[in-house]
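These notes concern the structure reproduced below.
The values are calculated or read from the model by the stated rules, or taken from the named source; none is laboratory data. Model, not experiment: these values are computed from the prediction. Note that each Cβ is placed from the backbone with ideal geometry, even for glycine, and that neighbours are counted across all protein chains shown.
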Amino acid sequence: MYKSDLFADQFDSPAAKEVHRYAKALVQGFNLIKDDKLLTVNRIIEIQKVLEDNDAGVRRIPGTVLKNTKTGETIYTPPDEPRVIIEALSNLAKYINDDEFHKVDPLIKMAVIHYQFETIHPFFDGNGRTGRIMNVLYLVTNDLLEMPVLYLSRYIIENKSEYYRLLNKVCSENKWEEWILFILWAYKTLQCRVSF
């Protein structure tokens, strides 16, 4: 990682390049929110831009579907009109930044935010990573983290099938409790790892 900061165009592997961009996007996001603690639509787009190293922005072409990787079955079709995507992101930004909009514990709210962002699925690529960066930045905006040091991606990736099962359960059956508990457990597990 240190070498990649010095020589950003030279990576030993695609994974190293991806980790470098993730870290760069996380730092960029932290710099954007550290003064006013607002996670706006433009800032979310900027985080994804750094993460993916392109200016594609919000999806403009219809046809995006989320499929079961084993069966090929379509599990979910996110909104595909740019206007609808921007409206949904604007609504999400209001939810993120306005504590009066929904008075609930920030950790529960983080689970709701993550679900909502993933169902909007605003970008062609990088939605999961952008959403996980948003989780950490949201904890910073609520003074639950001083610095964005938790890597929630690790827990989610280690439990990917359960993550998608619960995400889909909220979408198809409106079952929130298991989803929220999953996200809370991810936070608690990683918090314990950091405290050692």
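With respect to A88, is the statement that it is over 20 Å from K175 (Cα atoms) and touching a Pro at 6+ places or on another chain (Cβ under 7 Å) true?
Answer is yes for this residue.
For the criterion of being part of a helix (DSSP H, G or I), loosely packed, with under 15 Cβ neighbours inside 10 Å and at pLDDT below 85, A8 fails. Within region 178-188, if we keep just the residues that are surrounded by fewer than 16 Cβ atoms within 10 Å (Cβ to Cβ) and farther than 24 Å from K67 by Cα, the residue that is modelled with the highest pLDDT turns out to be L181. The one condition from (1) more than 16 Å from the chain's Cα centre (by Cα); (2) modelled with pLDDT of 85 or more that I47 does not meet is (1).
The test for being touching a residue at least 12 places away in the same chain (Cβ under 8 Å) and more than 16 Å from R43 (Cβ to Cβ) holds for L150. The criterion of at least 1 residues that are surrounded by fewer than 12 Cβ atoms within 10 Å (Cβ to Cβ) is met by the following helices (runs of 4 or more DSSP H) wholly inside region 58-166: 82-97, 152-158. Residues in region 70-129 that are at pLDDT below 95 and on the phi > 0 side of the Ramachandran plot: G72, G126.
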